[in-house]
Amino acid sequence: MTCDHGKALALAKAGQWDAAHDLVQPYGDRNSCLIHAYLHRVEGDNSNARYWYRKAGETMPDNTLEEELRRLWGAIERAELEAAEQEAEVGEVTDWRILRFEHDRN
């Protein structure tokens, strides 16, 4: 089972901190840890945020919360694209975003 990173970020953007936190808390993958860290920055708990950034293999960035949210969206999109490309290599394209990406590249 994997975390729905896009949903977690959408919840965070909508101000639903508890729901976003509950969604990422059980997971230890890199992107879940980054989102978890961001959420603790939002609440002002920088000590806890630094812990989660370290778990993700990063230091806490010196950017605004808005900039970090954009950075995380980009990271999630890249991860989804990489996973989709791997699926496409074995003929298992199941995501419309891949088709849209391919169309936009041409």
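Residues are listed down the side, and each one gets a yes or a no for (1) out of contact with any Pro (no Cβ under 8 Å at 6 or more places or on another chain); (2) modelled with pLDDT under 95; (3) among the hydrophobic types (A, V, I, L, M, F, W, C):
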| residue | (1), (2), (3) |
| --- | --- |
| Leu11 | yes, no, yes |
| Val24 | yes, no, yes |
| Thr59 | yes, no, no |
| Glu82 | yes, yes, no |
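Listed here are the residues, each with its yes/no results for (1) under 14 Å from the mean Cα position of the chain (by Cα); (2) of a type outside the set (A, V, I, L, M, F, W, C); (3) surrounded by fewer than 14 Cβ atoms within 10 Å (Cβ to Cβ).
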position: Ala10; (1), (2), (3): yes, no, no
position: Asp22; (1), (2), (3): no, yes, yes
position: Tyr38; (1), (2), (3): yes, yes, no
position: Arg41; (1), (2), (3): no, yes, no
position: Tyr51; (1), (2), (3): no, yes, no
position: Thr64; (1), (2), (3): no, yes, yes
position: Leu69; (1), (2), (3): yes, no, no
position: Arg78; (1), (2), (3): yes, yes, yes
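Sort out which residues of region 1-18 are part of a helix (DSSP H, G or I) and in contact with a Ser or Thr (Cβ under 9 Å, 6 or more places away or on another chain), and write them in order of number. Matches in region 1-18: His5, Ala8. If the condition is being assigned to a loop (DSSP other than H, G, I, E, B) and either more than 13 Å from Lys55 (Cα to Cα) or charged (D, E, K, R) (or both), then region 19-35 contributes Pro26, Asp29. Contact map, region 39-68: first residue more than 17 Å from Gln16 (Cα to Cα), second residue loosely packed, with under 11 Cβ neighbours inside 10 Å, Cβ cut-off under 7 Å, separation 6 or more or different chains; pairs are Tyr53/Thr59.
The values are calculated or read from the model by the stated rules, or taken from the named source; none is laboratory data. Note that the coordinates shown come from a computational prediction; the quantities given were computed from them, not determined experimentally. Every residue, glycine among them, receives a Cβ derived from its backbone with ideal geometry; neighbour counts consider all protein chains shown.
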